[in-house]
Structure formats: C-alpha cells, structure tokens
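Remarks on the structure that follows.
The values are calculated or read from the model by the stated rules, or taken from the named source; none is laboratory data. Bear in mind the structure is a predicted one, so any value in this text is a computation, not a measurement. In this analysis, Cβ positions are derived from the backbone assuming ideal geometry, glycine residues included, and neighbour counts consider all displayed protein chains. These accessible areas exclude ligands, DNA and RNA; they are computed on the full protein's heavy atoms, side chains included. Shrake-Rupley method; radii C 1.70, N 1.55, O 1.52, S 1.80 Å.
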Amino acid sequence: MVSLNTSICEVPHIKGVYTTRLKKLGIETFGDLLHHVPSRYDNFSLIARIETLQPGETVTIQGNVLALTNTYTRTHLTIQKAKISDGTGEIDVTWYNQPFLTKILLPQTSVSLAGCVKLLRDKVFLESPKYEILRYSSAKPIHTGRLVPIYPETEGVSSKWLRSRIDYILRYLTPDIPEFFPEDILQKFSLIGEKEAIEQIHFPKSYQEEEEARRRLSFDEVFFLQYRAQQKREEWKTQKTAIRVY
C-alpha cells in the first residue's frame, strides 16, 4: 500500500517529462494528485439506446464498431467516419483530423461514446464525441457514461490523462488515506469520511455526492488554515515572552 507522501513517479507511465509537467500543477506526490480536484464535470451520465436518440440530447451510447474509415479533403484535412451498432440500431459518427482512430477503433471493438446528438437530413449522428474502449463486458467507463471530471490542466497533461491516472491509483494501488477527525466531529458537522470524499470528488455517482465530497474537503482546508494560524500565534507568543540571555 502506498501513502499520500509517495512520489508520483511510482504511478505507471508517469516518468521523465510527465513529472516536470505535473510540477507545474503543484503535483509531486500521490496526495497532491488526489487533491487536484475537478473544476467542473461533463454530464454524460445518460446512457441511451441508439433507437431512442433525440436531437439535442447529451448522451452516452455503448456498442460495437462496424466500420471506420478516413476521408481526405482537398485541403489535406482528414475526416473519420464510423458506423456504430448497439443491437437496437446503427448511428454514424464523425471525427476530424484524428487519423490514428482507424488503428484504435477496429471493427468489432466495443466502445462507449459520449456527446451531443445532432440531426442531418432527418438522420441523427454524433460529431466528435468523447470515446473510450470497453475492453471487457463488465468494464466501468471513466471518460463517458457518468459525471466526467474536468481538471485544471497544463500543456501535455489533459483531463483525460489525469482521470486515467487517478482512477488507476484509487482502483489498483489503494493508497492509505488517513482520517483526520474523530467520528463525533464527522457526525456533528454531517461530514463524510476523508477516503470517501477523495473518491467521490473524482468519480461521483451524482451531483449530491460531488457536493458532499467538496463540502468535506472544504472543511479540511478551512480547519488546517485555522490550525496553522493558531500555531503561528503560539510561536509569536513564545518568542515575545522569551528571556534573552547575554
């Protein structure tokens, strides 16, 4: 088990240039990363069947890739056109200038796609949706199909990248997240536990869970600010009353 003070380098795929990039966000330890809280969320929690889609809805669909091809324009740009099926229907999906998708989203790949449903010539389609591959049937998506956290970013470190690393830490490395307050304090102020707050701020199942988590973490911040201020006052009193010896 790792602690909140463990170096961020212990997380797989965080080496070299990424440690430098993360430092720009003030992230050097597991604790720093887990306390790098989202600034907002994309609501992709509505998982819909293709046959029920309506223009203007923001949804997540889950199905299989039937085909995906690159189309080249006269201006040397590329358009990726895919057809997705979920057993209830098929839908066209379009991305722009992402030719690598033809090597990732192969036919029969199970995918989860999230975005706004659009209408063209009486036919619904998805344009530039968020995507992730579902590698097994019971996989729980983290970039779609839920309230998806959006973080403060820096060059070379996207919210999707941060989301994947935080999910890996919480799911597989099970960091030791200590509880600072006794149970009677938590009950008195109706606070959830520290570990629960960390998990819920990153991957809440609802806006209520997000609110509970943010309230707990805000309580921590105010408490420790006041605690440090009290320490400073005590140090100042000690220095003021100290007797100089010559």
Within the bounds of the stretch 89-111, is there any residue that is open to solvent by less than 50 Å² (accessible area, probe 1.4 Å), over 27 Å from residue 163 (Cα atoms) and either in a loop (DSSP other than H, G, I, E, B) or touching a Gly at 6+ places or on another chain (Cβ under 6 Å) (or both)? yes
By residue number, the members of the stretch 174-194 that are open to solvent by 40 Å² or more (accessible area, probe 1.4 Å) and closer than 22 Å to residue 12 by Cβ are 174, 176
Those residues of the stretch 112-144 which are surrounded by 11 or more Cβ atoms within 10 Å (Cβ to Cβ), of a type in the set (Ser, Thr, Tyr) and not in a strand (DSSP E or B) amount to 128, 144
Quick check, is residue 169 outside any strand (DSSP E or B) and open to solvent by less than 80 Å² (accessible area, probe 1.4 Å)? yes
Within the stretch 65-88, restricting to residues that are polar (S, T, N, Q) and without any contact (Cβ under 8 Å) to a residue 24 or more places away in the chain, the one that is surrounded by the most Cβ atoms within 10 Å (Cβ to Cβ) is 80
Residue count, the stretch 172-196, condition under 26 Å from residue 6 (Cβ atoms), assigned to a helix (DSSP H, G or I) and without any contact (Cβ under 8 Å) to a residue 40 or more places away in the chain, comes to 5
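Condition check ((1) in contact with a Lys or Arg (Cβ under 9 Å, 6 or more places away or on another chain); (2) open to solvent by 30 Å² or more (accessible area, probe 1.4 Å); (3) modelled with pLDDT under 95) across all residues:
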{"position": "9", "(1), (2), (3)": "yes, yes, yes"}
{"position": "14", "(1), (2), (3)": "yes, no, yes"}
{"position": "17", "(1), (2), (3)": "no, yes, yes"}
{"position": "35", "(1), (2), (3)": "no, yes, no"}
{"position": "43", "(1), (2), (3)": "yes, yes, no"}
{"position": "49", "(1), (2), (3)": "no, yes, no"}
{"position": "54", "(1), (2), (3)": "no, yes, no"}
